[in-house]
1. Among (1) among the charged types (D, E, K, R); (2) touching a Lys or Arg at 6+ places or on another chain (Cβ under 6 Å); (3) at pLDDT below 95, which single condition is residue 47 missing?
2. Identify all residues within region 273-304 that are part of a loop (DSSP other than H, G, I, E, B) and either charged (D, E, K, R) or at pLDDT 95 or above (or both); write none if there are none.
3. Taking the condition surrounded by fewer than 22 Cβ atoms within 10 Å (Cβ to Cβ) and either modelled with pLDDT under 95 or acidic (Asp, Glu) (or both), does residue 147 pass?
4. Filter region 139-153 for residues that are more than 21 Å from the chain's Cα centre (by Cα) and either closer than 17 Å to residue 68 by Cβ or of a type in the set (A, V, I, L, M) (or both) and give the result.
5. Please enumerate the residues belonging to region 249-266 that are touching a residue at least 24 places away in the same chain (Cβ under 8 Å) and either assigned to a helix (DSSP H, G or I) or closer than 15 Å to residue 58 by Cα (or both).
6. Output the strands (runs of 3 or more DSSP E) that fall wholly within region 45-128 and possess 2 or more residues being buried (at least 17 other Cβ atoms within 10 Å of the Cβ) and not hydroxyl-bearing (Ser, Thr, Tyr), or say none.
7. On the basis of being surrounded by fewer than 17 Cβ atoms within 10 Å (Cβ to Cβ) and under 23 Å from residue 94 (Cα atoms), does residue 186 make the cut?
8. Mind counting the residues in region 267-295 that are in contact (Cβ under 8 Å) with a residue 60 or more places away in the chain and out of contact with any helix residue (DSSP H, G or I) (no Cβ under 7 Å at 6 or more places or on another chain)?
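The values are calculated or read from the model by the stated rules, or taken from the named source; none is laboratory data. Quantities reported herein were computed from a predicted structural model and do not represent experimental measurements. FYI the Cβ positions are ideal-geometry reconstructions off the backbone, even for glycines, and counts take in every protein chain you see.
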Amino acid sequence: MSDTSARPATAAGSRRLGDLTVNRIGFGAMRLTGGTPFAADSRPSDRDTAVAVLRRAVDLGVNHIDTAAFYFSATRSANELINRALAPYADDLVITTKVWPARDPSGVWWWAKPEQLRGQVEENLRQLGRDHLDVVNLRLPRRRADGSLAEHFGALADLRRAGLIRHLGVSNVTSAQLAEARSIAPVVCVQNAYGVGAPDESRDLLRECGEQDIAFVPFFAIAGERAEMGAGGSDDEAVLAVAKAHGASPAQIRLAWTLGQGPHVLAIPGTGDPHHLDENVAAGAIRLSDEEMASLDAVGGSAG
């Protein structure tokens with residue numbers, strides 16, 4: 001059996017995050033705890049199932065896991081589930097987290113001041129059981145679409161120099177904010193909402209990242225930008241037609257299209273369901289024709 005057959009997450013190839021190499025199909029830990037941290041009706045997940053999903057992901061060849069300390073429900077923490085399932089960690093496993101937003105124990109959201117980012121980084125370290133974080137993304141609030149990130153990103157750059165963080169990324173940013181971050185410290189990835197039907201400005205930023213050799217890591221690639229509220233929706237006819245032609249699910253086609261945007265594009269689909277995990281990882285082997293890519297490029301609006 002080939003390595004791709006045994007470890008299908010390798011089928012889409014790999015990409016570097018600084019000096020770290022990850023397979024382009026990764027795993028997002030947000031849904032491991034039950035629902036999403038943005039939805040008021042989230043319910044705790046089954047702990048054993050969540051642990052099994054994480055171990056299965058690694059068995060399938062996933063070596064890039066995206067998480068955050070604010071991914072928790074009443075009795076579950078994504079970081080602690082990752083620690084329980086995967087520690088001691090494999091040498092090639094890259095764990096990416098994000099800071100600036102946070103939730104107190106009751107679930108109320110708050111946003112850190114620059115001097116509070118060290119505490120958020122240390123919280124991730126404790127929960128994950130690590131002495132440094134591989135990649136930390138500065139996740140900007142939507143209200144800061146035109147604002148500066150210099151103070152916060154500068155604080156993370158200091159923590160990188162102190163050895164608590166290996167590499168830095170940014171999330172939910174504009175082209176101007178990316179340029180500002182790069183003037184302060186190296187940026188290895190941009191993590192923004194992106195999927196079929198993405199607006200032109202999002203596509204422009206994806207291309208810009210490719211030109212600058214920065215990994216682009218879409219979130220909500222399957223369900224669209226409103227997925228953080230638990231929203232659902234129907235699939236466009238173009239997506240359904242391509243899915244039928246490949247004998248695949250619409251979600252798999254959306255992931256395949258996302259990966260088709262360029263070799264610098266990664267995917268971090270998340271799920272707490274073992275069957276959905278297998279489907280998501282298998283999407284990395286789907287190759288869409290130029291005509292199929294074009295038909296999906298023409299889809300307007302975000303799914304979800």
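1. (2)
2. We begin by selecting, within region 273-304, every residue part of a loop (DSSP other than H, G, I, E, B); these are 273, 286-289, 298-304.
Once the filter is applied, which keeps residues that are part of a loop (DSSP other than H, G, I, E, B) and either charged (D, E, K, R) or at pLDDT 95 or above (or both), region 273-304 yields 273, 286, 287, 288, 289.
3. On the way: surrounded by fewer than 22 Cβ atoms within 10 Å (Cβ to Cβ): yes; either modelled with pLDDT under 95 or acidic (Asp, Glu) (or both): yes.
In short, yes.
4. Correct list: 150 only.
5. Pass one, region 249-266, residues touching a residue at least 24 places away in the same chain (Cβ under 8 Å): 249, 251-266.
Answer for region 249-266, where residues must be touching a residue at least 24 places away in the same chain (Cβ under 8 Å) and either assigned to a helix (DSSP H, G or I) or closer than 15 Å to residue 58 by Cα (or both): 251, 252, 253, 254, 255, 256, 257, 258, 259.
6. Working: elements: 64-66, 94-99, 101-103, 109-111.
Counting at least 2 such residues, we get 64-66, 94-99, 101-103.
7. Values: surrounded by fewer than 17 Cβ atoms within 10 Å (Cβ to Cβ): yes; under 23 Å from residue 94 (Cα atoms): yes.
So residue 186 passes the test.
8. As a first pass, look at region 267-295 and keep what is in contact (Cβ under 8 Å) with a residue 60 or more places away in the chain: 267-274, 277-278, 280-285.
Among the residues that remain, those that are also out of contact with any helix residue (DSSP H, G or I) (no Cβ under 7 Å at 6 or more places or on another chain) are: 268, 273, 278.
Total meeting the criteria: 3.
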